[in-house]
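First comes the structure, then the notes that go with it.
The values are calculated or read from the model by the stated rules, or taken from the named source; none is laboratory data. Quick caveat: nothing in here was measured; it's all calculated off a predicted structure. Every residue, glycine among them, receives a Cβ derived from its backbone with ideal geometry; neighbour counts consider all protein chains shown.
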Amino acid sequence: MPDPKPMTPLTLSAYTLVTANGRGVGPVLEALRERRSGLKPCDFEDVTLKTSIGRVAGLEDFSLGDELRPFDCRNNRLAWLGLQQNGFMVAAAEAKQRYGAHRIAVVMGTSTSGILETEHAYRERDPSTDRLPDWYTPRYRYTHNMFSLGHFVRTCLGLQGPAMVISTACSSSAKVFATAARLMQAGLCDAAVVGGVDSLCLTTLYGFSALQLLSADPCRPCDEDRDGLSLGEAAGYALLEFGERVGGRGTVALLGYGESTDGYHMSHPHPEGVGAVRAIRDSLARASLRAEDIEYINLHGTATRANDSVEDKAVYSIFGARPACSSTKGWTGHTLGAAGITEAVISALCLAQGLMPGTLNCRRIDPSLKSRILRENQIGSISFAVSNIFGFGGNNCSLVLGKLP
């Protein structure tokens, strides 16, 4: 297949992030610099699994009020918390003044939405009839329904442009960048709010435990003794605008994206990383960059045996051992449908601050891995970075971010 055509850079004119490490990009950056993990022994509801999680503190202590009350659930509380950080709502309001509410798209990613509300409802069902509680039925539309997140963000920001929610497992909130870029290139909108939110729930905790993919300890990406992932939760957003309108020298922008699907197995990636390779190559082609232009790669790096090995094959086949590579899941845990936006924002911070975070909890790099994996933080100017997100079933997305000249 021919290489995709180069795309027009899209400036990240505002971005924000909430993880277990803190609320807003400032605390997240501080945790990266101090190498302070947000992973702690599981204390989510009545879950008794022996594992570590990245839980965002305080979500249990408030509820959404007034006109947002129908949306009230853990996932939308986390979404609301993310919108409050780093002046993001102000930036969105200013963009609405520039373009009009109907010319700004909302493209969100999530893998579970508000499923926790449904889990609670099933626990309360009538033991004789299995009837769900009366409070649940009218709430499904605003909580568990997959579009709930897009509906919620759209309502909070008062936007009326195209809106959709992508649910492709771990790649969900990376693919929002690609979808928004296509919407903007097609002239359907002038700007886009992209993002992702995934919150902890019983289905993912017990589901990944059943798959024997959870580590009892904080995850150790790329470590020779890695034994599984740690689940986390996060909310993140970015405002995308055409670079020539708002971007100045040094502003972080989306330069390219690549998407692919292995079509190999329901849960496992292709053993040679064929789809991952295609996604990375397409992202470089759209960015009009060569492999040797990339200085840092934020790995998907889940700390499972198969994922880290397959990703290493894909990355090494394109870049060799030249660029610095690391996984940041030791700080946040695997935030599933929010992993794409979490690691895109972290990559943007790395570009803006000249930071390449060493892989947390990696004591000894697996000698079978060939890429240049960092164990300690490195400081230095970075112009171009790649963020990889490779989901269940080989659903792949790769993003190229860089500083505008």
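The condition of being closer than 20 Å to THR137 by Cα, surrounded by fewer than 16 Cβ atoms within 10 Å (Cβ to Cβ) and more than 22 Å from the chain's Cα centre (by Cα) holds for only one of GLU94, GLU67, that being GLU67.
The sole residue among LEU12, LEU68, LEU78 that is under 24 Å from ILE346 (Cβ atoms), among the aliphatic types (A, V, I, L, M) and part of a helix (DSSP H, G or I) is LEU78. Among the residues of region 105-121, are any within 20 Å of THR11 (Cα to Cα), surrounded by fewer than 24 Cβ atoms within 10 Å (Cβ to Cβ) and not hydrophobic (A, V, I, L, M, F, W, C)? Taking every residue of region 105-121 in turn, none turns out to be within 20 Å of THR11 (Cα to Cα), surrounded by fewer than 24 Cβ atoms within 10 Å (Cβ to Cβ) and not hydrophobic (A, V, I, L, M, F, W, C). One residue alone among ALA169, ALA192 is aliphatic (A, V, I, L, M), under 17 Å from the mean Cα position of the chain (by Cα) and at positive phi, and that residue is ALA169. Filtering region 346-396 to residues that are over 19 Å from ARG35 (Cα atoms) and either hydroxyl-bearing (Ser, Thr, Tyr) or without any contact (Cβ under 8 Å) to a residue 12 or more places away in the chain (or both) leaves SER368, SER371, SER381, SER383, SER387.
When you scan region 185-239, how many residues do you find that are buried (at least 24 other Cβ atoms within 10 Å of the Cβ) and β-branched (Val, Ile, Thr)? Number of matching residues: 3. Residues of region 124-157 that are in a loop (DSSP other than H, G, I, E, B) and closer than 30 Å to GLU259 by Cα: THR143, HIS144, ASN145, MET146, PHE147.
Among the candidates ARG249, ARG290, the residue that is out of contact with any helix residue (DSSP H, G or I) (no Cβ under 9 Å at 6 or more places or on another chain) and of a type in the set (Lys, Arg) is uniquely ARG249.
Checked against (1) within 16 Å of GLU117 (Cα to Cα); (2) touching a strand residue (DSSP E or B) at 6+ places or on another chain (Cβ under 9 Å); (3) not polar (S, T, N, Q), PRO70 meets all criteria but (2). Whether any residue in region 38-48 is touching a strand residue (DSSP E or B) at 6+ places or on another chain (Cβ under 9 Å), more than 17 Å from TYR206 (Cβ to Cβ) and either exposed (fewer than 15 other Cβ atoms within 10 Å of the Cβ) or of a type outside the set (Lys, Arg) (or both) is what I want to check. Within region 38-48 (the criterion being touching a strand residue (DSSP E or B) at 6+ places or on another chain (Cβ under 9 Å), more than 17 Å from TYR206 (Cβ to Cβ) and either exposed (fewer than 15 other Cβ atoms within 10 Å of the Cβ) or of a type outside the set (Lys, Arg) (or both)), the answer is yes, since at least one residue qualifies.
For region 260-280, the criterion of being among the acidic types (Asp, Glu), more than 20 Å from SER173 (Cβ to Cβ) and in a loop (DSSP other than H, G, I, E, B) is satisfied by at least one residue.
Pairs linking a residue in region 164-184 that is of a type in the set (Ser, Thr, Tyr) and surrounded by fewer than 24 Cβ atoms within 10 Å (Cβ to Cβ) to a residue that is modelled with pLDDT under 95 and in a strand (DSSP E or B), with Cβ atoms under 9 Å and 6 or more positions apart or on different chains, are THR168/THR261; THR168/GLY391; THR168/ASN395.
Total residues in region 326-366 satisfying the condition of being under 27 Å from THR11 (Cβ atoms) and outside any helix (DSSP H, G or I): the figure is 8.
The set of residues from region 15-37 being in contact with a helix residue (DSSP H, G or I) (Cβ under 7 Å, 6 or more places away or on another chain) and either within 16 Å of LEU231 (Cα to Cα) or not hydrophobic (A, V, I, L, M, F, W, C) (or both) comprises TYR15, THR16, VAL18, THR19, ALA20, ASN21, GLY22, ARG23, SER37. Annotation: THR155 fulfils all but one of (1) polar (S, T, N, Q); (2) closer than 30 Å to LEU229 by Cα; (3) surrounded by 15 or more Cβ atoms within 10 Å (Cβ to Cβ); the unmet one is (2).
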